[in-house]
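Heads up: the structure comes next, in structure tokens.
The values are calculated or read from the model by the stated rules, or taken from the named source; none is laboratory data. Because the structure is predicted, anything quoted here is derived from the model rather than measured. Here Cβ is always computed from backbone atoms with ideal geometry, including for glycine, and neighbour counts include all displayed protein chains.
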Amino acid sequence: MRKSNWLLLVLALLLSTFLVACSGGDDSAEEETEGTDTEEGTDTEETEEEPADEEAAPEQVLNILESAQIPTMDSSHATDAVAFQFLGESMEGLYRLDENASPIPGIADGEPEISEDGITWTIQLRDDAVWSNGDAVTANDFVFAWRRAVDPDTGSEYGPFMMNGVLKNAEAINNGEADVEDLGVEATSDTELVITLEKPIPYFYGLLTFGTFLPLNESFVTEQGEDYALSSENLVFNGPFLLEDWNPTGDNPDQWKLTKNPDYWDAETVTLETINVSVVKETSTAVNLYETDETDRAGLSAEYVEQYAGTEDFRSLPEPTLFYLKMNQDNEALANQDIRKAIAMAIGKQDLVDVILANGSVVSNGAVPANFSAHPETGEDFRDINGDLLVEDVEAAKEHWATGLEAIGTDTVELEYLGGDSEVAQEMDAYIKNQLETNLEGLTVNVTSVPFEERIARDEASDYDIQNSGWGPDYLDPNTWLEMWTSTSPYMTMNYNNEEFDSLIEKANNELLTEPVERFETQLEAEKVMMEDAAIAPIYQRSRAYLWRPGVEGVVFNPMGADFSYKWAHIE
């Protein structure tokens, strides 16, 4: 394998400075949308001298809770933590993340061969990977899936977001200026995939572990047509587990399960036989299920943290996941910079994390989380360098509010606030509403609490004034936090447009790709620009508190994509 020196340097810096944590994107905060971190255990083989006690051997069944249904199992349309979690368990891409957040081979047979200029990646595929219908997993399955994701007729949000400017011709295809066959991916044989990039991408190795880059069985998808991925009966799998009993429109949409895939190429590594999943949105119900041994994990809200902190079952885990208010500038009031600054500065963020959440979450005053990425030369954390950019300051908020109201010629503003329907989300949104209406005279905030999948749909349609939203990283680079706020991003649903910000991100992602120091410092400047605009109102960086059953070992937590992996999990 040949790699250019600059690429090795950047990859080493990105991976060596990263602090492993979880990711997610649901504003339900502490509910069971994702998992919890445990040290990866090591299976112990039984010896003839000490035979296993078969009666005492634990059943390899894990029971977990989610706070929301799976919005979709179509990898071309998945955009959220819940979908990526179950895609990650039932599907396998070229690579997956190990316990150190490093890519390891999945369907790929070894590491990629990379050209000296970093543009061409040649990847050999293993010949023993099969779909659950018996078909072999081939290089064409990746070609078909990636073409489908950037095809404008598909209407994928993440396809263009993840591939435009990355894969050769992806943006031109998505804009209708080139044919999908022109995408920079080619199956030179059943087991060889050649990828051509638009330019060197220092974080591309990590991207290949992400859900949008999963393969699709072309013949099966074509045969299913519009029914593809509507239920587990309309899916085929190639990952460690099979998704069963999932039917969002059936009689029991709040329960499904994963069962061990006997045809998975690495099935001998998988210990769990079954993972049962139930949707539970109330913390009290989740705790009761845990106490009665009906679930092995329960997310805790503030009132339960004090009760269980210090017990064997309690876990609190920090993540590089940010929550913030998105402010849709299609609204006349929110188009005013002073109004946005007033909203961002009027919320008592410290009380929110200490009292409402009380799970270890910390206040966020920027657009990039702490302990996520470090300066390539000095090693200093991104957040430490830029510091606090948009802080809680009620007096300053009132001044900005008065200035903004004068500018738009009114003394009252009414805003529609879109939030989640979980117990914790509703408590947090009620607190934010109270803070805004108390500190900003003349403001009325109407909160609408909706299920996670509905909030996603309304977000995509820009159907909100203010939205409580969260974001977990998709790859190990500050760009995963910054590029989505550019005016051309598919994720840009709040009508924010700043030419200086766009220019800085464009520069970082093009001419500075092989200049890691200059690129990082340009990203620092870009964050300052959007925070001066109050493009978003940062609130907190999430930690999550759990009751976690002792003996559940080997769960691997990921910093991006699926929050955690059960491939190596087992019950001791």
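Here are a few things to note about the model shown:
- Per the listing Tyr540, Tyr566, the residue uniquely aromatic (Phe, Trp, Tyr), under 24 Å from Tyr95 (Cβ atoms) and modelled with pLDDT of 95 or more is Tyr566.
- Qualifying residue in the range 165-172 (condition: hydrophobic (A, V, I, L, M, F, W, C), touching a strand residue (DSSP E or B) at 6+ places or on another chain (Cβ under 7 Å), more than 25 Å from Ser232 (Cα to Cα) and touching a residue at least 12 places away in the same chain (Cβ under 8 Å)): yes
- Tally, over the range 371-410, of residues that are surrounded by fewer than 19 Cβ atoms within 10 Å (Cβ to Cβ) and either of a type in the set (D, E, K, R) or touching a Ser or Thr at 6+ places or on another chain (Cβ under 8 Å) (or both): 11
- Residues in the range 452-469 that are more than 18 Å from the chain's Cα centre (by Cα) and not in a strand (DSSP E or B) were compared, and the one that is farthest from Tyr324 (Cα to Cα) is Ala461.
- The residues in the range 199-228 that are more than 21 Å from Asp563 (Cα to Cα) and either touching a Phe, Trp or Tyr at 6+ places or on another chain (Cβ under 6 Å) or assigned to a loop (DSSP other than H, G, I, E, B) (or both) can be counted, and the count is 9.
- Scanning the range 271-303 for residues that are buried (at least 23 other Cβ atoms within 10 Å of the Cβ), over 25 Å from Val556 (Cβ atoms) and not small (Gly, Ala, Ser) yields Lys281, Thr283.
- Condition met for Leu183 (farther than 22 Å from Pro103 by Cα and either crowded, with 18+ Cβ neighbours inside 10 Å or in contact with a strand residue (DSSP E or B) (Cβ under 6 Å, 6 or more places away or on another chain) (or both)): yes
- Subset of the range 211-257 that is surrounded by fewer than 15 Cβ atoms within 10 Å (Cβ to Cβ) and of a type in the set (Val, Ile, Thr) - its residue that is farthest from Met91 (Cα to Cα): Thr249
- Residue within the range 264-276 that is part of a helix (DSSP H, G or I), aliphatic (A, V, I, L, M) and within 17 Å of Gly106 (Cβ to Cβ) present: yes
- Some residue of the range 355-377 being β-branched (Val, Ile, Thr), in contact (Cβ under 8 Å) with a residue 40 or more places away in the chain and touching a strand residue (DSSP E or B) at 6+ places or on another chain (Cβ under 7 Å): yes
- Residue in the range 114-129 that is among the basic types (Lys, Arg), crowded, with 19+ Cβ neighbours inside 10 Å and not in a helix (DSSP H, G or I) present: no
- Members of the range 105-122 that are within 24 Å of Glu515 (Cβ to Cβ) and among the hydrophobic types (A, V, I, L, M, F, W, C): Ile114, Ile119, Trp121
- Within the range 486-527, considering residues that are among the β-branched types (Val, Ile, Thr) and free of Cβ contacts under 8 Å to residues at least 24 places away in the same chain, the one surrounded by the fewest Cβ atoms within 10 Å (Cβ to Cβ): Thr488
- Condition check for Gly93: part of a loop (DSSP other than H, G, I, E, B), on the phi < 0 side of the Ramachandran plot and modelled with pLDDT of 95 or more: yes
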